[in-house]
Amino acid sequence: MSTKLKQIQEIAGAVKNPFLEKAMEQKKPVMGYFCNYVPEELLHAAGFVPYRMRAVGSTGTARGDTYFTAINCSFVRRCFDQVLSGEYDFLAGAIVLNGCDHSRRIYDNWRDAKKSGLPAPEHLFMLVAPHVLRESALERYEKELKKLMQGLEDAYGAKVSSKALKASMDIYQKRHELVCQLYALRSQKIPAITGAEMLSVLMAITAVPVEDANSLLEKLLAEIEGRKAASSDDIRLMLVGGCMEEPEHIALIEENPAVVVADSLCYGARLLRPPQKDEAKEPLAALTRRYLFHPSCPRMINDFDRRKEALFDAFNESGADAIIAEKLMFCDLWGGEIFLLRKEAKERGIPLLGLEREAYGGGEGQIRTRVQAFIEQVQNAKARKQQAANGKEAS
Ligand code: SF4
């Protein structure tokens, strides 16, 4: 295995990592955040190391369950369990987003826990991002980002100048370009990187300072060029879903003659925030548009059509054969999305397997059987199609 990949997997598999520790030794404060609608560039420009919150290393939900009910999603319960266990005691602060009704409750519960003396950073912030995608929502979002900036300034004296924000946007733009290069290596005829490895990369780069992330990505790209991480006969899959942070789950899917070549995941294509063509010159306005209009998830209630088109475009461009669409138990947002996607995939003749599971929740035996049966079905359908095409050519 590539040495960079090994290092990246170690970073992705733990809450803390040497890059983060080094930054903290240099007195750089770490700001935890949830969800793809919290602009990392803004936190970076304010002098923080943005750190995407995760449930990695979770061993259960006992502590989380004292604040959440059993019908809250397991990502939220496990992540909060890690918070209460003190795993995140290195954070200078944390920003919770109104991502969905489950995740937004982390803010209230964390504040309550803090009052009871349970582990919490000195400052907690709530960022409210619009749930609709339209021009008029930009104003609201920008106002909320300004409120957050004011909050950071009041709490830490951290001022964000336009110049600093522009410089941070440039550094993150570099990360964006490097990740796009990785996506290109992933979707080539023989992928240079597996789906499980790709998830580790995307988890790692959101847990280290962006400067280190860019350097890791550059070295990784150089190391894996020309690598063959799968076979040309493998079934090519697109993976669709929300909070998925277990590379071992994707590895289980890829135990079959199959490889994930494209995705629409939180730690995936939704980390990409391409510059928008009608962006303003002023950095905050440009950033607001970039984040509001980036590839959305079902929390954006009026964006299914755009989302669906982007998803099937990525599917076609990657040469994928089939889709596996996943939801965590009790996640209504992804439940509705998969219902709609199933119909769309059927109309296009694309095989789609819907999976429901718990984060870090086991159930491997059942998942393995269902995925295996699905891959066999796709293989058979592909072989029949090929035979029919060969027959046509011969006649
Ligand atoms: S998996 Fe669903 S319920 Fe859980 S945080 Fe994500 S969107 Fe919310």
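Residues considered: Ile350, Ile253, Ile323. Largest GNM mean-square fluctuation over the chain, using C-alpha springs under 10 Å, is found at Ile350. With R₀ set to 41 Å, the beta-carbon distance separating Gln372 from Lys159 gives a calculated FRET efficiency near 0.15. The simple spin-label model puts a point 7 Å past each Cα toward its Cβ; for Asp108 and Lys219 those points are separated by 4.5 nm.
Kindly state, to the nearest 0.05, the FRET efficiency for Met24 paired with Thr69, given R0 = 45 Å and r defined as their beta-carbon distance. If you can, show how the numbers build up before the last one.
Numbers: r = 35 Å, r/R0 = 0.77.
The computed FRET efficiency comes out at 0.85.
Quick one: putting +1 on the C-beta of Lys and Arg, -1 on the C-beta of Asp and Glu, what dipole do you get for the chain around its Cα centre, in Debye to the nearest 20? All intermediate terms of the calculation are to be shown ahead of the outcome.
Details: 54 positive and 54 negative charges, 91 e Å.
Result for the chain is approximately 440 debye, rounded to the nearest 20.
Legend: calculated FRET efficiency, Val132 to Ala251, from the Cβ-Cβ distance at R0 = 45 Å, rounded to 0.05, equals 0.75. Report note on the peptides 152-160, 238-246: ranked by the mean count of other C-beta atoms within 10 Å, highest first, their order is 238-246, 152-160.
When the chain is treated as a GNM with alpha-carbon contacts under 10 Å, the residue of Gln181, Gln379, Gln26 showing the greatest mean-square fluctuation is Gln26. When only Cα pairs below 8 angstrom with a gap of at least 6 residues are kept, the stretch 194-314 shows a relative contact order of 25 percent.
Counting each DSSP H run of 4 or more residues in the chain as -39500 (n - 2.57), what helix-only mean residue ellipticity at 222 nm follows after dividing by all residues, to the nearest 500 deg cm²/dmol?
Details: 14 runs with 202 residues, N = 395.
Taken over the chain, the calculation gives -16500 deg cm²/dmol.
Here's the picture: charge each Lys and Arg Cβ at +1 and each Asp and Glu Cβ at -1 in the chain, and of Tyr183, Leu311, Thr69 the one pushed furthest to the positive end of that dipole is Leu311.
Relative to the longest principal axis of the Cα atoms of the chain, helix 74-84 runs at roughly 30 degrees. GNM remark for the chain: springs join alpha carbons under 10 Å apart, and the peak mean-square fluctuation among Ala12, Ala192, Ala285 falls on Ala285.
Based on Cα atoms of the chain, Rg over Rh with Rh as the Kirkwood radius reads 0.97. Around the Cα centre of the stretch 8-131, unit charges on the Cβ atoms of Lys, Arg, Asp and Glu (plus for the first two, minus for the last two) sum to a dipole of about 100 debye. Farthest toward the positive end of the dipole of the chain, out of Phe374, Ser231, Ala280, is the Cα of Ala280, where the dipole comes from beta carbon charges about the Cα centre.
Here, each number is a calculation from the coordinates, and none is a lab measurement. Only a predicted model underlies this, so the values are computations on that prediction, with no experimental measurement involved. Positions of Cβ are generated from backbone atoms using ideal geometry, with glycine treated the same way; all protein chains shown enter the neighbour counts.
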